[in-house]
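Structure first, then comments.
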Amino acid sequence: MFGVSQRINLSFTRRIARNFPRLLSSGNDNEQPELIPVPEYAERPGEELEVRKARLLYQSRKRGMLENGLLLSTFAAKYLKGMTEGQVEQYDKLINKPSNDWEIYYWATGNKPTPQEYQSEIMDLLKEHAKNKEKDCRITQPPLYG
């Protein structure tokens, strides 16, 4: 079934695989890995409203997690054009300031309480949107222009 060279290679591969975690370890199992901090969100003073809305539309679609990509892209497609400057500011803060996208999802779906800092008219609207009372099909993001 296996030739001699294949058995040697298989044996060598198993030894390397078994010891691989040790190659990457400092040897101290109690040592905590160094965490890379997420950069703090920098506000953009003086950004024109239409430019800001276009940026938020893009950011609503490109979240890095499917759940928020679908939730926020459908929300932005439905509400962003009609938002006032104050509402746009609330939405910008909501989707960009939290360092963990799962938090936004949990707040919107009611799985975690929303911190006071993010509780706003826009968050209430997002929570209603997340309930999907109209039973809209939200398995894909809406067209970017349409």
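The values are calculated or read from the model by the stated rules, or taken from the named source; none is laboratory data. Fair warning: this is a prediction, and the values are worked out from it, not measured in the lab. Glycine gets a Cβ as well: all are built from the backbone with ideal geometry, and neighbour counts include every protein chain shown.
Descriptive notes on the structure:
- Only listed residue being farther than 15 Å from Leu72 by Cα and of a type outside the set (D, E, K, R), chosen from Tyr105, Tyr118: Tyr118
- Residues that are over 18 Å from the mean Cα position of the chain (by Cα) and in a loop (DSSP other than H, G, I, E, B), drawn from the range 36-58: Glu43, Arg44, Pro45, Gly46, Glu47, Glu48
- For the condition modelled with pLDDT of 90 or more and either small (Gly, Ala, Ser) or loosely packed, with under 12 Cβ neighbours inside 10 Å (or both), Ser99 does not qualify.
- For Asn96, the requirement of being without any contact (Cβ under 8 Å) to a residue 40 or more places away in the chain and among the polar types (S, T, N, Q) is not met.
- Condition check for Lys78: over 21 Å from Gly64 (Cβ atoms) and either within 19 Å of the chain's Cα centre (by Cα) or not hydrophobic (A, V, I, L, M, F, W, C) (or both): yes
- Any hit, the range 29-40, residues being modelled with pLDDT under 95, hydrophobic (A, V, I, L, M, F, W, C), within 30 Å of Ala108 (Cβ to Cβ) and in contact with a helix residue (DSSP H, G or I) (Cβ under 7 Å, 6 or more places away or on another chain): no
- Residues in the range 116-129 that are without any contact (Cβ under 8 Å) to a residue 24 or more places away in the chain and under 18 Å from the mean Cα position of the chain (by Cα): Lys127 only.
- The residue that is modelled with the lowest pLDDT, among those in the range 124-146 that are under 20 Å from Gly64 (Cα atoms) and among the aliphatic types (A, V, I, L, M), is Leu144.
- Residue within the range 66-82 that is outside any helix (DSSP H, G or I) and either without any contact (Cβ under 8 Å) to a residue 60 or more places away in the chain or under 30 Å from Leu35 (Cβ atoms) (or both) present: no
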